[in-house]
Amino acid sequence: MLDFVRNKQKSIIIKLAFAIIILSFVIGYAMLSAPGGPGGESPTAEAAVINGKSIAYEDFQSAYSNLYQIYQNIYQDQFTPALEKELKLAEKAINGLIDQALMQDEAERLQLVVTHQELIDAIAKVEAFQVNGVFNKDRYLQVLAYQRMNSDQYEAVKHNELLLDKVQDHFKAQVNVTDADIEEEFRNINEKINLNFVSLTAAKFEKQVKVTDESLQAYFAENQETFRIPEMVSLRYLQFEPQRYLDDVTFEESELERYYRRHLDQFEILEKVKASHILVMVDAEADEKTREERRAYAEALLAELKAGADFADLARAKSDDRDSAVKGGSLGYFTRGSMVKPFEETAFSMNPGETSDVVETTFGYHIIRVEEYTEPGLRSLEDAIDEVKEGLRDDKARQLAFEKAMDAYNINRKTGDLDAAAKANELGVKETGPFARDGYIDGIGRNEEIINTAHLLEDKALAKPVQTEDGVILFGIKERVASYIPELDEVRDLVTAAYRAVESKQLARTAAEQLAANLKAGASLAKLAKQANYDIEETGEFTRTYSPFVPRIGTSEELFDAAFTLADDQKAIDGVFDIQNRFVVAEVKQRVAADMTALDQAKREELYNSLFARKQTEAIEARLAELRSTAAITISARVQDMVNKENQP
């Protein structure tokens, strides 16, 4: 069982921290690699103009695409369209580009430069370019080739990164932390409050809502647009599937080489070892005596191995990792980053056939035997020729499918005759059911390009072919039903549900306002809740560091600030707080003051370091905000539209 050994605790937070590091590189590379610039692009190709200097739309696309891939790798199956919107990738990409442009202007104003020696030294320190801790030119070029970059491109990016580091260092130069800052931080961390609260939802009052024909008619009359039936279209389409054209694919030998170089990532050989282990497990809370006893036991097992015992037999009989023990201790192959650090460092430092001394990790004591080692590198074209041919053939089949669809479109677009296109290509015409702009196309799925194009397409016209995962789609309109406002009877159930929701929410708000008024007048929240048959809850103790999150309630900067700024002689927190469709009324149950005697020198140093780092970040953000306030910034309508859509509820 690799659970004992594999480090599965890599949190999203750690991955995001790494992603932020990548982001500066991604944006820097976009700005330097794409053909943007003050005089090189037409206005339609601009993503933004900063103080008269253009950021090319291609730069923005590159930054956005790389951000998309980063977060997709982080979240994997959890990376849904909803999460993509929540992450606001377009906003992140354009803001990153703007900030870098502003810092480049600031570097010019401050006359900051990066020397050639500084550049060389910085590149030599990159671990990815080192072998045994020393810069290796062959590894350097190999890594760049894998990233599809040459040394000139990378050095330009690195130069820009170092220059921006100098700008940020200048921003941070005035930062200092005083004793008063440290004491305030200590209080913020250690002062605690505990709240009593009542949370009222619309659902609690839904049964009190009286629905009559008159009230429903009035509500529907005022909100007709809410119930508008959207335009619906259905399609007739041809599907050009790439596999139909595999037998028609031909290619030159030179194309194999080109495909191989464009897809080097598919042929990467990861550094890995094949190893077995014997684990003597030790509980994390074990005392020193127990640890010494368990280590002595591990040393005794190691002595048996040195005396000639068979590793696999001993692992089966003695290892506490039972899942690997049944396989003679075998863990199979693993790469760097898969195991806890001490285990990994030992395994990758050994030669095949060697057995380690006792290795201590958080799981206990291990004896490791390495069986095989695979060096990192790239499979040669000769070794990967079958996969290269298959990949190139698939690519060309997709291209042929697209060309066939484009030919059919160009030949028939004036007449819109899909049947003629079907006959010429020996394809059957398929049909979809009706769908709206926010709908799903049966037989095709949720394809934004097809959906948007279909709703703009004229009747009896053909749309340009669209690439999908299942082939190329050539389509026309089968039927269109215009948008309309329905009669009440057609949507009565929807209107009734909406009316109940609105009215019950208002009843909940009114009840919460009355509760808050009574609480402010001096009544006990517990007594008021009991009288009204409301549940009273408790947050538990929390500190200012939670801001703006309130335990068991949710995120509310307004409630958080009100709770911590309330006078010591008061309990009732004034007002009703609308938090995640709940109306919250709260009071302070308990306050716990910070014990300032616990602020010793060691704690002062710890707080100094954390405060200093935070203030440095704040200094950079403040200076960038200042530069933005005085800069002439124009964002193209195309990019702004993407940002606006991300910020829509």
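Provide the FRET efficiency to the nearest 0.05 for the Thr212-Asp438 pair, computing r from the beta carbons and using R0 = 41 Å.
Calculated transfer efficiency: 0.80.
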Legend entry - Accessible area (Å², 1.4 Å probe, nearest 10) - Arg492: 70
Legend entry - Inter-label distance for Asp247 and Arg322, nm, one decimal - labels placed 7 Å from Cα along Cα-to-Cβ: 5.7
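Please go through the residue pairs Lys92/Lys158; Lys404/Lys430; Lys88/Lys192; Lys172/Lys603; Lys166/Lys603 and name each one whose alpha carbons sit more than 25 Å apart in this structure.
Listed pairs above 25 Å: Lys88/Lys192; Lys166/Lys603.
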Legend entry - HN-Hα J in Hz across the stretch 407-418 - Karplus 6.51, -1.76, 1.60, θ = phi - 60°, x for Gly and Pro: 4, 4, 5, 5, 6, 10, 5, 6, 8, x, 7, 6
Inset, instruction - Determine, from the Cβ-Cβ distance of Asp493 and Glu222 and an R0 of 30 Å, the FRET efficiency 1/(1 + (r/R0)^6), rounded to the nearest 0.05. - result: 0.95
Inset, instruction - Mind checking the full-extension length gain between Asp569 and Glu84? Use 0.36 nm per residue of separation minus the Cα-Cα distance, one decimal, nm. - result: 170.0 nm
Legend entry - Extreme residue, positive dipole direction of the chain, given options Leu378, Ile50, Phe549 (C-beta unit charges): Phe549
Legend entry - Nonlocal amide H pairs with Ile441, under 5 Å, H built at 1.01 Å: Arg446, Asn447
Legend entry - Cα shape, the stretch 45-180, gyration tensor, a/c 1.5 rule: rounded
Legend entry - Distant-in-sequence amide H partners of Val550 (H built 1.01 Å from N, under 5 Å): Thr555, Ser556
Inset, instruction - Please list, in chain and number order, the residues 5+ apart from Ala47 or on another chain whose amide H is under 5 Å from its amide H, with Hs placed from the backbone. - result: Ile55, Ala56, Tyr57
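Please state the relative contact order of the stretch 552-600 as a whole percent: Cα pairs under 8 Å, 6+ residues apart? Mind dumping the intermediate values first?
Numbers: 32 pairs, mean separation 15.0, N = 49.
Contact order relative to length: 31 percent.
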Inset, instruction - Please compute the net charge surrounding Ser234, taking Lys and Arg as +1 and Asp and Glu as -1 over other residues with Cβ under 13 Å from its Cβ. - result: -1
Inset, instruction - Treat each spin label as a single point 7 Å out from the Cα along the C-beta direction, and report the Asp600 to Glu293 distance in nm. - result: 3.2
Legend entry - Net charge of neighbours whose Cβ lies under 14 Å from the Cβ of Met406, counting Lys and Arg as +1 and Asp and Glu as -1: +2
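What is the stretch 448-587 by shape, rounded, prolate or oblate, if you read a ≥ b ≥ c off the alpha carbon gyration tensor as root eigenvalues and call it rounded for a/c under 1.5, prolate for a/b larger than b/c, and oblate otherwise? It would help to have the intermediate numbers written out before the result.
Working: a/c = 4.72, a/b = 2.26, b/c = 2.09.
Verdict is prolate for the stretch 448-587.
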Legend entry - Label-point separation, Ser380 to Thr115 (7 Å along Cα→Cβ), nm: 4.4
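First select every other residue whose beta carbon is under 9 angstrom from the beta carbon of Gly471; then total the charges, Lys and Arg +1, Asp and Glu -1.
Numbers: positive: Arg244, Arg398; negative: Glu241, Glu469, Asp470.
Local charge sum for Gly471: -1.
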Inset, instruction - Can you list which of the trypsin sites (Lys or Arg not before Pro) found in the stretch 222-290 are DSSP loop residues with at most 14 other C-beta atoms within 10 Å? - result: Arg228
Legend entry - Accessible surface of the chain [probe 1.4 Å, protein heavy atoms]: carbon and sulfur percent: 48
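For the stretch 238-391, just say rounded, prolate or oblate: build the C-alpha gyration tensor, square-root its eigenvalues into a ≥ b ≥ c, call rounded for a/c under 1.5, and beyond that prolate if a/b exceeds b/c, oblate if not.
Working: a/c = 3.31, a/b = 2.93, b/c = 1.13.
It comes out prolate by the Cα gyration axes.
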Legend entry - the stretch 347-418: GluC sites (Glu not before Pro) in DSSP loop, at most 10 other beta carbons within 10 Å: Glu382
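Placing +1 at every Lys and Arg Cβ and -1 at every Asp and Glu Cβ, with all other atoms neutral, what dipole size does the stretch 181-267 have around its Cα centre, in debye to the nearest 20?
Values: 11 positive and 19 negative charges, 124 e Å.
With only Lys, Arg, Asp and Glu charged at Cβ, the dipole is about 600 debye.
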Legend entry - Karplus-derived 3J(HN,Hα), 6.51/-1.76/1.60, for each residue of the stretch 256-268, Hz, glycine and proline x: 5, 4, 5, 4, 4, 5, 7, 10, 4, 4, 6, 10, 5
Legend entry - Phi-based couplings in Hz for the stretch 81-98 (Karplus 6.51, -1.76, 1.60; Gly and Pro marked x): x, 5, 5, 4, 5, 5, 6, 6, 5, 4, 5, 4, 5, 5, 5, x, 5, 5
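DSSP loop (so not H, G, I, E, B), at most 14 other Cβ within 10 Å: list which chymotrypsin sites (Phe, Trp or Tyr not before Pro) in the stretch 515-576 pass both filters.
none
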Legend entry - FRET efficiency, Ala424 to Gln531 (Cβ-Cβ, R0 56 Å, nearest 0.05): 0.10
Legend entry - Sequence-separation-based contact order of the stretch 68-154, relative, with Cα cut under 8 Å and 6+ spacing, percent: 11
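Below 8 Å, C-alpha to C-alpha, sequence gap of six or more: please give me the relative contact order for the chain in percent. Write out the running numbers ahead of the final one.
Working: 899 pairs, mean separation 153.5, N = 649.
It rounds to 24 percent for the chain.
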Inset, instruction - With unit charges on the beta carbon (Lys/Arg positive, Asp/Glu negative), name the residue among Ala275, Pro230, Leu305 whose Cα is farthest towards the positive pole of the charge dipole of the stretch 218-321. - result: Leu305
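Working out 0.36 nm times the residue gap between Gln580 and Arg628, then minus their Cα-Cα distance, what length gain in nm do you get to one decimal? Intermediate results must be reported in sequence, preceding the final value.
Numbers: separation 48, 0.36 × 48 = 17.28 nm, distance 3.30 nm.
Answer, rounded to one decimal: 14.0 nm.
The values are calculated or read from the model by the stated rules, or taken from the named source; none is laboratory data. Small disclaimer: the values here were computed from a predicted structure and weren't measured. Note that we place each Cβ from the backbone using ideal geometry, even for glycine, and neighbour counts take in every protein chain shown. SASA here: full protein model, heavy atoms, side chains in, ligands and nucleic acids out. Shrake-Rupley method; radii C 1.70, N 1.55, O 1.52, S 1.80 Å.
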